[in-house]
Amino acid sequence: MAAEIAGAADWYISNAAGMALEPAFSRLALREKYALSVETVQASELPPQIRGYYNAAFRIERRILYENGTESRRQWIFRDGGGRTRLNAVLIPPAETVAGEATLDSGEEAGDEADDTSLGPPGFIEIYNGDNLMVEEHRLYHDGSDEIITYIYNHRILIRTEARLKIPPSDEEEEVTEALWTDYYRYSRFSSLRGINRVYHSDVPTTRLQFPHMVLDVGRPGNFIRPNDAYSSIFLQDVFINRGDRVVYTTDSRGRILTETRRDEAGEIIGEIKNTWSETNNKIESVHWTAGEDDRLIEYAYNDEGDRIEERNYNKGVLERTVRLEGSREVETLYMQGRPVLRAIWEEGRKISEEPIRSRPETAN
């Protein structure tokens, strides 16, 4: 179903990230795969999740991203009288309300999707102060929970972040807010970030263990959808569960994380992650996890545009899995004793085919 035309909106040809690439008439923009509308709206049109952050001094900008003529994302930006961004929020509408049509595949229940937190956050909210510093971040999940990160500064220098999880009330229990972790930031004499000490306060589900933003200008209008996390592989998924009570990060002069050391209550090292960065494209080349006899390595490859196109997983030096991007599809290959045994094709996060790979028999001498 094509989107209705909004007369007051400015229209652009866009991309999947919701960037305004080229001005266009609405009907022409909607013929493209991605189209973006930008307009100033009234407070009465605000969704309830962000209504409490608005005051009369703000101007409200609404950006709607369309994919193949159907709404897929909404971004809300509050700007103060000086043009500074005070709120940046992206909300993904429920499947049953997008353009009046369900977007689920056949055979999939809407209720199942709503409860599937593995799908990732359906939106986020970022709050900024008058100095353009982020002071609060909300990560919204399909089950209605809200992960809140608060940023504390000393003379515009970030010194601490605190994370807590707000769980919505149910029929049996009231709303619960649980402290998750606190990060303490350490700097050199020249004010460059040298390390972060993370202290956990509770067990954290893997899907919600994320690193806070190191770059504090992410609310600028060019960024519609949050970029992917640094670690995309399921190969180290279990590592990012709360393993230990304390994590110490070391960084280089550019704020890139070099090591992540996990310690138990007694201060003994449980395991360590070492990151290797490319000096040519500022991309992460490998992630190496060691913990006793557990030794796992992920290597990444990129194309000329800097997009990640390949991932290789090694266990104790032996290749176990590769994933390569081919057009819109991902080709996953599993290995046993260094030989390919299974190949799966994924498209838009769904497995569309899987087949065993039969190794050629060795020729007898």
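Side notes on the structure shown:
- Against the list (1) of a type in the set (Lys, Arg); (2) farther than 14 Å from GLY255 by Cα; (3) open to solvent by 20 Å² or more (accessible area, probe 1.4 Å), the condition ARG198 fails is (3).
- Matching residues, the range 171-195, being open to solvent by less than 60 Å² (accessible area, probe 1.4 Å), in contact with a Ser or Thr (Cβ under 7 Å, 6 or more places away or on another chain) and over 30 Å from GLY144 (Cα atoms): SER192, LEU193, GLY195
- Flag if ARG243 is in contact with a strand residue (DSSP E or B) (Cβ under 8 Å, 6 or more places away or on another chain), open to solvent by 50 Å² or more (accessible area, probe 1.4 Å) and modelled with pLDDT of 80 or more: no
The values are calculated or read from the model by the stated rules, or taken from the named source; none is laboratory data. Owing to the predicted nature of the structure, the values given are computational and were not obtained by experimental measurement. Ideal geometry is used to build each Cβ from the backbone, glycine not excepted, and the neighbour counts take in all protein chains shown. What goes into the accessible areas is simple: the full protein's heavy atoms, side chains included, and nothing from ligands, DNA or RNA. Shrake-Rupley method; radii C 1.70, N 1.55, O 1.52, S 1.80 Å.
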